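Where a number appears in this text, it was derived from the coordinates with a stated rule and is not lab data. The model shown is predicted, which means the values in this text are computed figures rather than measured ones.
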Amino acid sequence: MKKYPLTDKDKELIALALEVLAQNFDDGIYNHTVGCAVLCKNQHIYRGVNCDGIHGSCAEYITMGIAISNGEREFDTIVAVHEKHLNCVVPPCGNCRQMLFEYCPDIKVIVNDENGNLIKVKAKDLLPFAWQPVTV
Ligand SMILES: [Zn+2]
């Protein structure tokens, strides 16, 4: 699995995800606990937070939905943050890994490596043997 070092733009993306989390975190009902930011290939950035509910929706899903709703189709890097996690960065859950694999397998995802250092890996490397639609 190829690992990519973080750039200044990645650090900016993390700061923007932390900012949207801080702006929307609801301590009263402990909701909106994850913030996310995605950088598109055209350098546009979109942000979102998770929405809880009976089926809930992860911040990555919300953020990708906002970006796609604004016409974006080419994605570069995505990060999700949680105030109580190591380095604040949280890896995507299995459902989000599948979504990222289907929409943009080559998007780089900021995660913590085994030593707790922030790195980037491609979404397709986060989900080996991913489900793929079968065309007949
Ligand atoms: Zn998720």
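Just a few scattered comments:
- The stretch 3-136: relative contact order as a whole-number percent, Cα under 8 Å and 6+ apart: 21
- In order along the stretch 128-133, the phi-based Karplus estimate (6.51 cos²θ - 1.76 cosθ + 1.60, θ = phi - 60°) of 3J(HN,Hα) comes to x, 6, 4, 5, 10, x Hz; Gly and Pro are listed as x.
- Inter-centroid distance (Cα atoms) of the stretch 5-26 relative to the stretch 68-134, Å: 15
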